[in-house]
Structure formats: structure tokens, C-alpha cells
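Enquirer: Below is one structure. I have some questions about it.
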Amino acid sequence: MKCTKNYRLKWTERARKILESLNLEEKIRLMSGEIGLKEMMDGLKQGVENHYNHVPYPAGGIKDKNLPPMLFCDGPRGVVCSTGKSTCFPVTMLRGATFDTNLEKRIGRAIGKEVRAYNGNLFAGVCINLPYSPGWGRSQETYGEESFHLGKMGSALVHGVQDENVIACIKHFAFNSMEISRFKVSVDCDKRTEREVFLPHFKDCIDAGAGSVMSSYNLYKGTHCGHHDYLLNKVLKDEWGFDGFVMSDFIWGVKDTVEAANGGQDMEMCCTEYFGDKLVKAVQDGLVPEEKINKSVLRIIRTLLAFSEADIKEYKDSVIGCKEHTDLALEAAEKGITLLQNKDNVLPLNRDKVIRIAVLGKLAKKEVIGDHGSSQVRPKYIVTPLQGISNLSPKAEVTFYNGEDLQHSKDLARQADAVIFVVGYDHDDEGEFVSESSSDAYTTTIGGDRTHSLGLHQDEIDLIKAAGPENKNSVAVLIGGNMIMITEWKDYVSSIIMAYYAGMEGGTAIARILFGDVNPSGKLPFVLPYKENDLPQVNWDTTQQFYDYYHGYTKLEKEGVEPLLPYGFGLSYTKYEMNDAIFATEDEKVVAKCTITNTGDMDGTEVVQMYIGFKNSKVNRPVKLLRGFERVELKAGERKEVSISCPIKKLSWFNPESESWELEKMNYEMYIGTSSNNKDLLQGKITLG
């Protein structure tokens, strides 16, 4: 039984009766995490077996009231609990590149089943923060730079997880897109940027029925987001009608008992430092009204009842890391890996002709699946790129070299039938960051933000420049969580593949694409510029950061700057042709239709995208915005009709003077095609009003 937002309302009266039977201490216990700070820190220091979240973290629960505790499991690559068992899916950024909401819902269901098998009931892996800059070290945990896309993909994950009656927790609310400064930075922006850029995807996931929200460490306009009356009470609960509960980000997400409780924080996680006895005293002293406590506790009880009693199905341990789920991880990797360049159709490699393969770059041999922070999943195996290539080319002579000696690398490349560079990042380069000053007991993660460059390491650039020209069959495979600059070296290789962090079956997926067993269909969920300074500039170590209205592809397009590769771009081993575009309004929706034909000789999948243009707007608006997408599978020579729609209200802008959304009466440009570049789009217009 699906536990949706509307369906949960039926538990309100039962929750109220339980609430009325509780004393103040019992109520506040439901609002307080039950893992001790020392216990958690000791576990972090002890490493593999007692790693972070190795068991679900509890909060609340009252046995004699038949009220279960909330049992927290982190993500989003899979379930963090346990060692050597969970399915490790590709990072969220790769899954964003699939533009496949159905796939993301299936991944959500698989994750939900594994959470249940661990005896958990909440999955805190729906990360939908928008990266203002791709240098954000944790942006691998989100779907891309585009708010509409974030909302669609995040909502799909919410639906999938909650289909298994696991509470989906969306995070981090809000404006969280820096690591090094995440505990101290106060983010600021104007009202339109807040409402049109950084909050809509959160509302989409709330409207999809998400049962929980995690607040963020950072401050917004000078107030900690975990205490933020405007964000938590006025926007999330009052305006959006959120009926679930808010939990704090861990350990440092609450800084003040009274301010947090009055500001809308329902649950302190995972350790109790400011709630518990301190909150009891604050209520007794009249600093926090007990009615505030009652409202928070009602939310917690109602949500726990709804999800615990919606379904009594049992989930056996054997579901964790089962073949169905690892196959799904492989499918996701194959659908998200993105072909960026393919000169002279070097790819796919021909197994009959490519007998000697040189694989260069230290990452080829490393088990690189992403960050080693709170999102780290520990699967039973990981297929490296080198293993994948070797496994899928058993008759070939595969030679690996880390690339340290450039002359030796050149010799290997020259002697091979094909050379494959595996380059990019690992957890030392980007990821969740906790400085030693934040806690002398916390296991410090190396990652953080990309403070120096958005490109490859200099030794990798030197390697590609030296050895790439030695072999016309040269391929660079990029490993990383967000955009990687390629301008400096792209002409030294024939083909480039963006592989992101592709999960436990990543090496297999990379190899299957290299050899043509899979036709690549991923699309960039971010823009790739010629120059780094075409993107917003961020001071990564700061206490103040302003977010502008424009970032990513909207910034480049507004400023008339041509990108190297546009948002939504991705090549295929076949060709597609689009014709017969029709644009219209139907039933309070804008609709774009066209026919698409696979004109090549290989089956494939194209991601058809719809954009809306605002050239005639009387206010400052983007040139155009993504407002729909659909994956279309086509056999060689096959033709299909495609129809993409979007609610008209999604074309509105937020008027800061009236504090309301307004729809302009004007002509709107409409586009349908295969990327945000006008060259890849069919264009028309509609009139509203």
C-alpha cells in the first residue's frame, strides 16, 4: 500500500489520542535522537565494522503505546548500513544523467526493500540540493544543476522508497551547496532566486508526499537553517502544507534549544545535545510553548503510524545486495554514462580488431565509487574499470600502467590497438568535509570542495597530451561527481566518456559501452563551459556567500556565452532525426509533440527535452528553461511520436512585491529537441492569456 501525503492524514486522530496520553518527558523523547555522541564518535574512529550508520540510528518510539521508533538509514547511493552487503548504485549525479524517472523510482523501491531488510524505516538519501557551482564536493549526491530536473528525479525516488513503506527524507533544506564552509557560511540571495531557483524542487518532493525533511547546517540570511522559522514553519509547513516531520542534520544541525524548537525543528538527530532534558526545562521555564512540542510530536507520531501500519510485509536479509538489485545498478550505470566526444567514430571498439589494449591512469585499478563521507556504501564487490575491460575482452592483451612515466606511457599507447585513459577524481579530491576544528573525535574526510580547479590533475593532463596522439583509437574515461573541464586536452584524444562514479558495477558498464554492447544514452545534467570563469565564482572558505539568480546553463545563455557542451548533451552510436513539431496548450498544460526517427543502424535511446522561452517577459528571466523530458527507445530505423507536457503554472515567476506567483500573458517560445542548444531544438510558440 502506498503511503502518500493524503493517505497519511487518516492517522491524525489516532496520533492525537496517543499524544494526549503522553507526559512532557515522553513527548520530548520522541523528538530526540538516541545515539550518544561518544558512542557515535567511537564508532566512527573504529573504522570498517563500526562505521557511521552501520546499524539504523533510532529516535523516539514508545513501546507501551505501540509506537515504533524512527530508524534512520543514510544514502543516497544505497543503504549505508552494514559492511559488504548493500547494493551500491551509481551516485545520484549519474542517475540524473539518465533522465529516467521510471528507473529512479525502481531504484527507490530497491533501496526501500534493503532499508526494510535492515529493519530500518527511514531513508535519508533523497538529496536534492542544487549545486550553485560544480566545485561543490558533495554535488555527486544530487541530480544536476537544473531545479525542474531535480524535482522530477527526486520525486521519483520519493515515490519508489515510500512504495515500500519507508519514510523518504529529503535533504538538506536549504541552500546547502558548500562543504568546507557548511558549518559557518550564511547564504544570501534575493527573493526571486530563493523561490524560483533554490526551493521549487523541494516543494515538488513535498507535493510527491515525502514524509520527512532534513534541515541543513548552513545559515540562511544569518539564521541557522535548523532553527529557521521562515523556512521550516512559514514556507515548509504553513505555505506548502508539509505534514511530515523535520529532523536536524547530524550532531551540529542544532545550535540552540529554544531557537530550534520555536523555529520548527521537530527532531534532533542523531545525538541529543540540545533537546532532551534541556528542551524539557525550556518548556517548563516558559521559553518554548508546550503547544509547539505538541505540534512536532503529532507530526512524528502520525508519520510513524502511517508507515509502520500501512504494510506488514516482511523483507528477508537475502534481498540486500541481491542479483536483481545489482543488475539494476548496472542498468543505471549503462543508462547514465555519457558520450561527450567521438571523432571518426572510434567508439565502439571492435573486439575482432582491438587485440592489444593499453589502459593508462591510476584510477583504472581503483575501486572508485564516490565520497567516503556519510554516503559511503560498502558493497560485497566493486568492478573497477580495468576489471570491466579485461572481463569483456578475454581474447585481448590488456596492459595497465598508472601513467607516471610519460615516455613509457607513450610507448604503450603506440604499441596498442587502442589506448584507454581512466582519469578524474576520487574521495580524496571531492566529497563530504568535516574539519578537525569541528570535532577532534570525528574521522576527518579528505574531500571537500574543488577549491583549485574544475579540471583534471596536471599529471593526468600531461599524460593525455603525451600519449593520446600516439594512437588514433584513444579514449578518455572521466571519473567524478560533477562537471570536469576538458577544454585543454580534448583535442589530444578521439573519444571522451563521462562515467561519473558509476557504482559497484561501474567497470562493467564502462566496458560494455566501450565495446558497443550498450549504446550510450546519458545526457549531461550540467553545462560544460570552455572556461571555468564562465560559471559562478565561489569563495569556498567563507562566512558569507551570495547566490545569484543565474548559474549553469541559464547564466551562459543569458550572457550570450557559447558552452563547450550544452546542458542535456550526449552522443550516441546511432543518429536521430526529429520532425513535425507541434506546440499547444491542453488542459492547463503546455504540450510539445514531434516525431523522432532512429536513422542509424544500431538500436538506441534518445532523451527528448522540452524547453520554454521567456524572450517577451517584462521581468528579468532566463532565455529558456527545461520544463519536460522523456527517454525514447528506438530500434534501428524506427520512428515514434513523442509528447511532453508541463503544467502551465510551472511557467510562472515569483513577484517579490506581491509575494505571489504570477503567470505572464504573452507569447512564449517553445522548444523540443535533444539538448539546450538551439541547434538541437525545433522551435515554435504559444500564447497564454
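A short reminder: the numbers here are calculations on the coordinates, not readings from a lab. Everything numeric here is computed off the predicted structure, so don't read it as measured data. Glycine gets a Cβ as well: all are built from the backbone with ideal geometry, and neighbour counts include every protein chain shown.
Enquirer: Put +1 on the Cβ of every Lys and Arg and -1 on every Asp and Glu Cβ in the chain; which of ALA124, THR451, ALA306 then has its Cα farthest towards the positive end of the dipole?
Expert: ALA306
Enquirer: Mind jotting down a quarter of the surface of the convex hull over the alpha carbons of the stretch 574-688, in square nanometres, one decimal?
Expert: The Cα convex hull of the stretch 574-688, projected and averaged over all directions, gives 7.2 nm².
Enquirer: Between (i) 40, 34, 25; (ii) 41, 30, 23; (iii) 86, 26, 22, which matches semi-axes √(5λ) of the Cα gyration tensor in Å calculated for the structure shown?
Expert: (ii)
Enquirer: Setting aside same-chain residues fewer than 8 positions from LYS679, which lysines have a Cα under 17 Å from its Cα?
Expert: Qualifying lysines at Cα under 17 Å: LYS523, LYS558, LYS575, LYS624.
Enquirer: Using alpha-carbon positions, what is the distance between the centroids of the stretch 206-242 and the stretch 597-644, in Å?
Expert: Each part reduced to its Cα centre gives a spacing of 33 Å.
Enquirer: To the nearest 10 degrees, how steeply does helix 458-467 sit against the main Cα axis of the chain, on a 0 to 90 scale?
Expert: The answer is roughly 20 degrees.
Enquirer: Let me ask you something else. So which of LYS362/LYS472; LYS10/LYS255; LYS10/LYS335 end up more than 28 Å apart, counting from Cα to Cα?
Expert: LYS10/LYS255; LYS10/LYS335
Enquirer: Local charge sum around PHE148 (other residues, Cβ-Cβ under 13 Å, Lys/Arg +1, Asp/Glu -1)?
Expert: +2
Enquirer: Cα axis of helix 101-117 to longest principal axis of the chain: angle in degrees, 0 to 90, nearest 10?
Expert: Between helix and principal axis, roughly 50 degrees.
Enquirer: From Cα coordinates alone, what are the radius of gyration and Dmax values for the stretch 5-312 in angstrom?
Expert: Computed over the Cα atoms of the stretch 5-312, radius of gyration and Dmax are 18.0, 54 Å.
Enquirer: Please give the per residue volume of the convex hull enclosing the alpha carbon atoms of the stretch 323-554, rounded to a whole number of Å³.
Expert: With only Cα atoms used, the stretch 323-554 gives 141 Å³ per residue.
Enquirer: Let me ask you something else. Calculated from DSSP H runs of 4 or more alone, at -39500 (n - 2.57) each and per residue, what is the 222 nm mean residue ellipticity of the chain, nearest 500?
Expert: About -7500 deg cm²/dmol.
Enquirer: Charges at C-beta only: +1 for Lys and Arg, -1 for Asp and Glu. How large is the resulting dipole of the chain about its Cα centre, in Debye rounded to 20?
Expert: Charge dipole of the chain: 1360 debye, to the nearest 20.
Enquirer: Still on this structure, I have one more. Got a sec? How would TRP252, TRP136 order by Cβ neighbour count within 10 Å, fewest to most?
Expert: Ordered by Cβ neighbours within 10 Å, fewest first: TRP252, TRP136.
Enquirer: So which of LYS27/LYS237; LYS395/LYS635; LYS555/LYS640 end up more than 26 Å apart by C-alpha?
Expert: LYS395/LYS635; LYS555/LYS640
Enquirer: Among the trypsin sites (Lys or Arg not before Pro) within the stretch 626-689, which fall in a DSSP loop and have no more than 16 other Cβ atoms within 10 Å of their own Cβ?
Expert: Passing sites in the stretch 626-689 are LYS635, LYS665.
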